[in-house]
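Note sheet for the following structure.
Since every read-out is calculated from the coordinates, none of them should be taken as a lab result. All figures in this text were calculated on a predicted structure; none of them were measured in a lab. Cβ coordinates were reconstructed from backbone atoms using ideal geometry, including for glycine residues, and neighbour counts include every protein chain displayed.
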Amino acid sequence: MKRLFPLLLILISFSAFAQSPEAFNYQAVVRDGSGNILANQNVGFRIAILQGSQTGTIVYQESHALTTNGFGLANMVVGTGTVLNGNFSNINWGNGPYFVQTAIDPSGGNAYAIMGTAQLVSVPYALYAKNVPTNLSELNNDAGFVTSANDADSNPTNEIQTLTLNGTTLSISDGNAVTLPSGGGSGNTLDMAYDQGGAGLGRSITVDAGEVQMTTASANGNALKLINNNTGTALVAQTTNASTQFSAIQAQTNSSSTAASAVVGSTSGAAWAVTGQAEANSTAQSAVYGSNLRTNGGHGVQGIGFNGVVGETDYSQGNAVFGENYDAIAPLGNGIGVAGTGYYGVVGEDRYLGGQAGANGVFSNGNFTATGTKNFTIDHPTDPANKFLRHFSSESNEVLNIYRGNVTFDANGEALVEMPDYYDLINKNPSYQLTPIGGYMQLFIKEKLENDRFVIGGGTPGAEASWTVYAERND
């Protein structure tokens, strides 16, 4: 049979100036030799009161047949059990010290095994108060209140005693002390309260297993509220295991209301309501991350306000807002990296220092598609403060590049046109348009485009003409 280890908590209840039962409450948590709780099991207890020492004379002995609860806890009232020896009422509590001996039969019978002996300290001796002669010599009262009392000495405070808990040591001034047992069950209910100044600097609460749960009975109350009136943080949560897959803080709501949130940040000043920060030496990809697991809609991150979402970068090679879509059917997927709706779906502004060329208000690395017209808008040159000038782009069923210019004909009525040195690399199938300037000329292409150049013939020496080349993109 495994050895049993009971966890003993002695609770004493008594009432002054009134008749009360001569007994005290006794609780024990019963475990086996492996530390497992014996829950909902019949057990037999034999309680003995010893005088003088842990091996002193047994002045009283009784037995109890009990059943532990789901937490292995057994409750009894010492002094009310089946008497085996002595008379509980005849114990002279003033002639101590006294010790309580616990013996248990885990099968519920009477084959008891002694588990231990512990000294009874100040609190159980309240039973001795029935025999203490009073020194109160005078008590006066009016219709409903005590107005004065004489305790037969000149010191009004010498009867006051202080009960102190220091760590696991419970002591009373001018008396003894007892060390409270440590340990406990594998449950997850923790009852701890501190008054007059709070938990104190450096105070920590540790549970062996499970979690600490706080529940409010109020329909609209807060289960936990932390207030810091100083400059520190009201709540800090930290996970110290580098390999953990869990978050420092996790919030969850089952509300069906769109007004509810698992996490809410609120500010009444200039501070941010919610902030995420990835340290410089971290490997995190995102300071703030939102994930929506729905496949038929919803948003990973949604912002509502004058500016719904604002992105800002402090790095010249960075992106203020970056959108990326991972479609499972790539390259046939039709997911959207960045989507915008509104009067302006997407607005981009170039703030490149000095207005240098190469900066873009909107840049597309890939094909650009529009279902509406493709136009650009600038301030009207004659009234820039009040008007806009809008131009529209030409459209074609082909992907074309356009080149144009003017030439002056030589003495032979010819003109050489040199194209950019990359022309042949990105173009094919050119077409030409020639327009004489100042008079009629029978212009023609004397030499076709080759090696980035072509020749126009049929011109009048010294006259001018304009030319345009349309070519298919070939990159």
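Some notes on this structure:
- Förster-model FRET efficiency, 41 Å R0, Thr80 and Asn166, C-beta, rounded to 0.05: 0.80
- Here is the size of the stretch 400-473 from its Cα atoms: Rg then Dmax, 12.1, 36 Å.
- Gain on full stretching of the segment that runs from Ala270 to Ala237 - 0.36 nm per residue minus C-alpha separation: 9.5 nm
- Estimated FRET transfer efficiency (Asp475, Asn229; beta-carbon r; R0 51 Å; 0.05): 0.20
- Distance between the pseudo-spin-label points of Ser286 and Ser53 (7 Å out from Cα toward the beta carbon): 7.2 nm.
- Of the residues Tyr432, Tyr98, the one with the fewest other Cβ atoms within 10 Å heads the list, and the complete ranking is Tyr432, Tyr98.
- When only Cα pairs below 8 angstrom with a gap of at least 6 residues are kept, the stretch 400-473 shows a relative contact order of 51 percent.
- Calculated P(r) tail over 19 Å for the stretch 46-110, as whole % of Cα pairs: 35
- Sites Gln277 and Glu349 - FRET efficiency at Förster radius 25 Å, r taken between beta-carbons, to 0.05: 0.40
- Packing, taken as the mean count of other beta carbons within 10 Å per residue, orders the peptides 370-378, 46-54, 29-37 from highest to lowest as 46-54, 29-37, 370-378.
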